Amino acid sequence: MEDMELHITGDPAADKLLSDDAFALLTGMLLDQQVTMESAFAGPEKIRARIGSIAPSAVATHDPQAFIEVFKERPAVHRFPGSMAARVQALAETVERDWDGNATTIWTKGDPDGVEVLRRLQDLPGFGEQKAKIFLALLGKQCGLQAPGWREAAGHYGQSGAFLSVADIVDPESLGKVRASKQAAKAAAKAAKS
């Protein structure tokens with residue numbers, strides 16, 4: 001994750017943390033549901049500021065009830081503080097236990113290919129297939145991931161020139177394009193139901 005500079009939240013401190021800390025980036029991806037992308041990815045900085053660290057060991061061992069209070073403090077980390085605080089702690093415990101407390105090893109240990117990185121991501125708490133594919137695309141497009149076949153493993157999120165997810169946000173203009181494509185996809189899904 002060296003030398004990358006993400007621009008997702010509009011908050012320089014939050015973006016710097018995402019750029020510098022793999023677990024913060026993974027946590028932002030986990031939080032990215034039922035809130036705006038900017039709010040989700042600003043969450044790790046709020047957690048870091050409130051408990052003094054975003055290290056998996058610190059998050060995993062934080063008192064669960066106190067951690068929910070961290071999520072509720074305004075501005076809230078997430079609109080569903082109880083369930084999302086528990087998910088973030090489960091993610092931290094998994095990274096601590098299975099990946100030696102270093103999120104980067106999920107996509108680097110043993111030089112995995114794109115399919116293996118996707119499998120590893122899907123094994124994480126709170127990461128279904130779609131979230132894992134989006135995160136894989138984010139790693140490949142913005143974080144310098146060189147895993148062979150990552151674009152194919154990420155599906156349409158891996159396409160070059162697409163504006164489908166957080167993986168494609170590099171500035172306010174691309175954020176607008178991603179928002180528009182998400183709204184179009186929601187409208188198409190709604191139309192297909194009726």
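Highest mean packing comes first when the peptides 60-73, 137-150 are listed by Cβ atoms within 10 Å, giving 137-150, 60-73. Place a +1 charge on the Cβ of each Lys and Arg in the chain and a -1 charge on the Cβ of each Asp and Glu, then give the dipole magnitude about the Cα centre in debye, rounded to the nearest 20. That gives a dipole near 980 debye. Report, in listed order, any pair from LYS72/LYS182; LYS141/LYS182; LYS46/LYS193; LYS109/LYS190; LYS72/LYS141 with a Cα-Cα distance greater than 30 Å. Where the Cα-Cα span goes over 30 Å, the pairs concerned are LYS46/LYS193; LYS109/LYS190; LYS72/LYS141.
Of the Cα atoms belonging to the chain, the radius of gyration and Dmax stand at 16.1, 49 Å.
Could you give the length gained on full extension between ALA184 and SER160, defined as 0.36 nm per residue of separation minus the Cα-Cα distance, in nm? The partial results should precede the final answer.
Numbers: separation 24, 0.36 × 24 = 8.64 nm, distance 1.91 nm.
Contour length minus Cα-Cα distance gives 6.7 nm.
Ranking SER194, LEU18, GLY28 by Cα position along the charge dipole of the chain, where only Lys, Arg, Asp and Glu carry charges on their C-beta atoms, puts SER194 farthest toward the positive end.
With protein chains left intact and a 1.4 Å probe, residues in the chain average 48 Å² of accessible area per residue.
Sort 77-85, 121-129 for me by packing, meaning the mean count of neighbouring Cβ atoms within 10 Å per residue, highest on top.
Output ranking for 77-85, 121-129: 77-85, 121-129.
Each peptide among 175-183, 111-119 gets the average number of other Cβ atoms lying within 10 Å of its residues, and from highest to lowest they stand as 111-119, 175-183. All other residues whose Cβ lies under 12 angstrom from that of ALA66 are scored, Lys and Arg at +1 and Asp and Glu at -1, for a net of -1. Between the range 37-115 and the range 118-167, the C-alpha centres lie 19 angstrom from each other.
Summarise the accessible area of the range 50-119 (1.4 Å probe, protein heavy atoms) by the percent that is carbon and sulfur. Carbon and sulfur together cover 50 percent of it.
Take every pair of alpha-carbon atoms less than 8 Å apart whose residues are at least six positions apart; their mean separation over the length of the chain yields a relative contact order of 17 percent.
The values are calculated or read from the model by the stated rules, or taken from the named source; none is laboratory data. Keep in mind that what you see is a predicted model, and the values were worked out from it rather than measured. With ideal geometry, Cβ positions are generated from the backbone for all residues, glycine too; neighbour counts draw on all protein chains shown. Heads up: the accessible areas ignore ligands, DNA and RNA and are worked out on the full protein's heavy atoms, side chains in. Shrake-Rupley method; radii C 1.70, N 1.55, O 1.52, S 1.80 Å.
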